[in-house]
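> Can you read through this structure? Questions will come right after.
The values are calculated or read from the model by the stated rules, or taken from the named source; none is laboratory data. Please read all numbers here as calculations on a predicted model, not as lab measurements. Using ideal geometry, Cβ is built from the backbone for each residue, glycine included, and neighbour counts are taken over all protein chains shown. For accessibility, only protein heavy atoms count, side chains too; no ligands or nucleic acids. Shrake-Rupley method; radii C 1.70, N 1.55, O 1.52, S 1.80 Å.
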Amino acid sequence: MSTIRLGPSRLATYESCPRAYAWKYVWRFEAIETSASLVFGAATHQAIEASLIASAYRRPCDPVQVFTDKWNAATSSTTVSYSSLWSEEDLLHTGQMLMSRFESSFAESGLSVAFDNQAKPLVERPLEAAIGRGILASIKVDLVAFTDNDDLLVVDAKTPIRFSEEGFSSVSDQGTFYQLVLDAHAKRLGIPEVQGFAYFEGIKRKVPKTDRGEGPVWQLSDIGKRRSDGEIAEFVEKLQWVAQAIRAQRFPKQSRMGFDTPCTQCEYRHACWDGDMKGLRKRETRTASPESKKVQSV
């Protein structure tokens, strides 16, 4: 039986459209031009990681400079595609303002970075857990932190254009993934069970040209509850169904309705619709990090 690795992004892609999953993860194609949103997200994550680790070790860090350096390096070495609403300059200035507000916003959240039993901060940590039937649940945790009440919380940092719906953190597959895998590694890492999941959201707004606008801001979402044993079992069953479909090579197109079609923002839509491969290339095979190879069983 072949091993199937599933993480939040892979599951979301398959559930959105199985054919898109095949293009990306089975046939291994990617767009030649990288979406500006992906470049922006990567640069902000790198700046957040640098800031959190520096803070955990009480070292100085300038997250604005980190973001700027990462953004400039990526945009100068990668062909980036921009939407009609966001220019390169807009995104640079928005990222700089977001990161100038990150440290104070994080301090106001009441969160503190958690450490493992090797005194390493649990920031951007890749982990995997075997859940049976040849399936590896694979995650990369942005942050594991303690709340003011000493509850262990998994936090995902993201930069959307609007805040997530209230209550979504309690049902998010991503949060369920994180709890499933982190609980499997809790004893090895020397941490308690996860008690909740939340998003730390940096809202991607343009920098106002006057002093009347608020611009980009950070906010901790409502804290989602710990998943019950029944919810975890139901989630594992869903992963087993998806893995079974992948092994059976079931990759049907899933355009849905015009008002909510996933095709609109899919980088494979032209290849899928009419076989036009222009703008796509084969992806390189990536190796797993040493930490993610420490697989635990659920």
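> Does L180 count as in contact with a helix residue (DSSP H, G or I) (Cβ under 9 Å, 6 or more places away or on another chain) and either under 16 Å from A137 (Cβ atoms) or among the hydroxyl-bearing types (S, T, Y) (or both)?
Taking the combined requirement at face value, the residue satisfies it.
> While we're here: State which residue is farthest from D142 (Cα to Cα) when the search covers only region 47-79 and only residues that are of a type in the set (F, W, Y) and open to solvent by less than 30 Å² (accessible area, probe 1.4 Å).
Start the filter on region 47-79 by keeping residues that are of a type in the set (F, W, Y), which leaves 57, 67, 71.
Restricting the remaining residues to those that are open to solvent by less than 30 Å² (accessible area, probe 1.4 Å) gives 67, 71.
Working: F67: 16, W71: 19 Å.
Only one residue tops the list, namely W71.
> Need at least 2 residues that are more than 23 Å from V207 (Cα to Cα) per element, so show me which helices (runs of 4 or more DSSP H) inside region 1-117 make the cut, counting only ones lying wholly within it. Show your work before the answer.
Numbers: elements: 8-16, 18-21, 36-56, 63-77, 88-109.
Here the list reads 8-16, 18-21, 36-56.
> Being surrounded by fewer than 15 Cβ atoms within 10 Å (Cβ to Cβ), within 18 Å of the chain's Cα centre (by Cα) and not β-branched (V, I, T) is the requirement here; does D173 meet it? So that I can check it myself, show each step before the final result.
Values: surrounded by fewer than 15 Cβ atoms within 10 Å (Cβ to Cβ): yes; within 18 Å of the chain's Cα centre (by Cα): yes; not β-branched (V, I, T): yes.
The answer is yes for D173.
> A further question follows. Do we have R283 as touching a Phe, Trp or Tyr at 6+ places or on another chain (Cβ under 9 Å), closer than 21 Å to A186 by Cβ, open to solvent by less than 60 Å² (accessible area, probe 1.4 Å) and of a type in the set (K, R) here?
no
> Is there a residue being without any contact (Cβ under 8 Å) to a residue 24 or more places away in the chain, on the phi < 0 side of the Ramachandran plot and open to solvent by 40 Å² or more (accessible area, probe 1.4 Å) anywhere in region 142-157?
Yes: region 142-157 contains one or more residues that are without any contact (Cβ under 8 Å) to a residue 24 or more places away in the chain, on the phi < 0 side of the Ramachandran plot and open to solvent by 40 Å² or more (accessible area, probe 1.4 Å).
> Let me ask you something else. Which one of S169, S164 is touching a Lys or Arg at 6+ places or on another chain (Cβ under 9 Å), touching a residue at least 40 places away in the same chain (Cβ under 8 Å), part of a loop (DSSP other than H, G, I, E, B) and not β-branched (V, I, T)?
Answer to the selection: S164.
> For region 207-247, enumerate the residues that are part of a helix (DSSP H, G or I), in contact (Cβ under 8 Å) with a residue 24 or more places away in the chain and of a type in the set (A, V, I, L, M).
Hits for region 207-247 are I232, V236, L239, V242, A243, A245, I246.
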